[in-house]
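The values are calculated or read from the model by the stated rules, or taken from the named source; none is laboratory data. Remember, it's a predicted structure, so these values are computed and weren't measured experimentally. Note that we place each Cβ from the backbone using ideal geometry, even for glycine, and neighbour counts take in every protein chain shown.
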Amino acid sequence: MREDLLHFIWKYKKIQLKGLQTTKGDAITITSVGTHNYNEGPDFFNAQLKIGNQLWAGNVEIHINASDWYVHNHEKDKNYDNVILHVVWQEDATVFRPDNSEIPTLVLKDYIPLHILNNYKQLFSSQNQKFINCEKDVATVDSFLMQNWLDRLYFERLEQKSILIQQLLTDSNNNWEHVLFALLMKNFGSAINGESFLQLAKNIDFSVFKKVSVKPLQAESLLFGMSGLLQNDEILDNYYLELKKEYAFLAHKFNFTIYDQVSVAFFKLRPTNFPTIRLSQLCALYGKHQTLFAKLMQAKTVDQIYDLCNVVASNYWDNHYTFGKESKVSKKRLTKSFVNLLIINTILPLRFCYSKYVGKDDNENILEISTALDKEQNSIVSGFKNIKLNMQNAKDSQAVLQLYKMYCTKNKCLQCAVGSSLLSRNG
């Protein structure tokens, strides 16, 4: 038995409501179970109950054993002085208030339907489990309930991504354009160079980058130089030497130092993801759009965003992936699949935060764009596909990532709409 099951049963009244009694035989009538508290203090605030002939308004605390009250030192915590009912699985102690009056106790095991306990046991049985607790039954959950839950999870994931955005906003003194730049840098760096690119964005005075972004050579020299990519004295390409010269000029003009540089990696990356290519593409994006932030915030469709992101790395990279080494000629254009990742991980989370900042509701348009994108391909999405969960688009794949990371792997099945539905089944 776990407390989260008792919380679930109390919160959703999954008990025999008629004939409830305290351990002293006083009848209990529930008017309101209260508000579930996930922070410190009693488990449910502001419950309304009738115990015997007395109406009560106050808090409810839930434990497996009544003696847990003392194990957790609640008798020493004033936050628990207003507990009007102690809900337990079994009573092995009597609990008193500071004035020595006894706190009424409800023993839940006497009132829980057998099918709830059986469903709970089956849900958390690890036998033959390969992916998640409910893998055998998730496909049987009502499709309307599942879609509503996936929508909620998607916006929950946006809220989680908002944490970094709020930090960047604070660090940049509410400069939304700088926040966009930092997020784009992070996502242009992908998994391998994401954190290095993000640090690079933090190191750069964005006002300087914005000034030089109209000149591709200067923009690239700034990003390459501060990425430590212009320190090889053996490379004699004209373009490389021009970049070094331009970076030396900018470093002197704007007082950059060696301590501002970050290190970037090429190892384990496909050539199209090399930091040289991605930084050049980012410079091309800013070179094409001097009002990039405004345009991305105003775009109504995926196609409009694709059009904004239709850029190619500078000409040098047509036959290079790294400095000084020629390769087969190919234009290094931002691909649709890469732009999709930028939309998912940068543009939509930023729009979600910005719309709240300016007091507008952009959720409907965010949903339209996210549902117009193909679902992502990764091991977690494949895992849900294998257990027959229907996913149509990027909104769904983002939702199942949130589901897996924040609920499934943490056994928070009773805070999940799927787990709650499976637990409540009768027959």
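Of note:
- Residue satisfying condition, being surrounded by fewer than 17 Cβ atoms within 10 Å (Cβ to Cβ), under 19 Å from residue 160 (Cβ atoms) and in contact (Cβ under 8 Å) with a residue 60 or more places away in the chain, within set 403, 367: 367
- Qualifying residue in segment 340-356 (condition: over 19 Å from the mean Cα position of the chain (by Cα) and either outside the structural domain of residue 176 (by TED's automatic domain parsing) or surrounded by 14 or more Cβ atoms within 10 Å (Cβ to Cβ) (or both)): no
- Lone qualifier among 390, 310 - being modelled with pLDDT under 95 and over 19 Å from the mean Cα position of the chain (by Cα): 390
- Restricting attention to segment 185-242, the residues that are of a type in the set (Asp, Glu) and over 22 Å from residue 320 (Cα atoms) total 2.
- Residue within segment 336-346 that is closer than 28 Å to residue 242 by Cβ and either of a type in the set (Lys, Arg) or in contact with a Ser or Thr (Cβ under 9 Å, 6 or more places away or on another chain) (or both) present: yes
- Condition met for residue 191 (of a type outside the set (S, T, N, Q), within 18 Å of residue 342 (Cβ to Cβ) and buried (at least 20 other Cβ atoms within 10 Å of the Cβ)): no
- Those residues of segment 125-154 which are aromatic (Phe, Trp, Tyr) and surrounded by 18 or more Cβ atoms within 10 Å (Cβ to Cβ), in sequence order: 149, 154
- Which numbered condition residue 332 misses (of (1) surrounded by fewer than 17 Cβ atoms within 10 Å (Cβ to Cβ); (2) touching a residue at least 60 places away in the same chain (Cβ under 8 Å); (3) among the charged types (D, E, K, R); (4) over 25 Å from residue 156 (Cβ atoms)): (1)
- Test result for residue 218, touching a residue at least 12 places away in the same chain (Cβ under 8 Å) and over 22 Å from residue 353 (Cβ atoms): yes
- For segment 1-29, the candidate set comprises residues that are of a type outside the set (Ser, Thr, Tyr) and in a strand (DSSP E or B); within that set, the residue that is farthest from the chain's Cα centre (by Cα) is 27.
- Cβ-Cβ under 7 Å pairs, at least 6 apart or on other chains, segment 136-150 side in contact (Cβ under 8 Å) with a residue 12 or more places away in the chain, far side among the basic types (Lys, Arg) and part of a loop (DSSP other than H, G, I, E, B): 139/388
- One residue stands out in segment 125-155 among those that are over 22 Å from residue 4 (Cβ atoms) and in a loop (DSSP other than H, G, I, E, B): the one that is modelled with the lowest pLDDT, namely 128.
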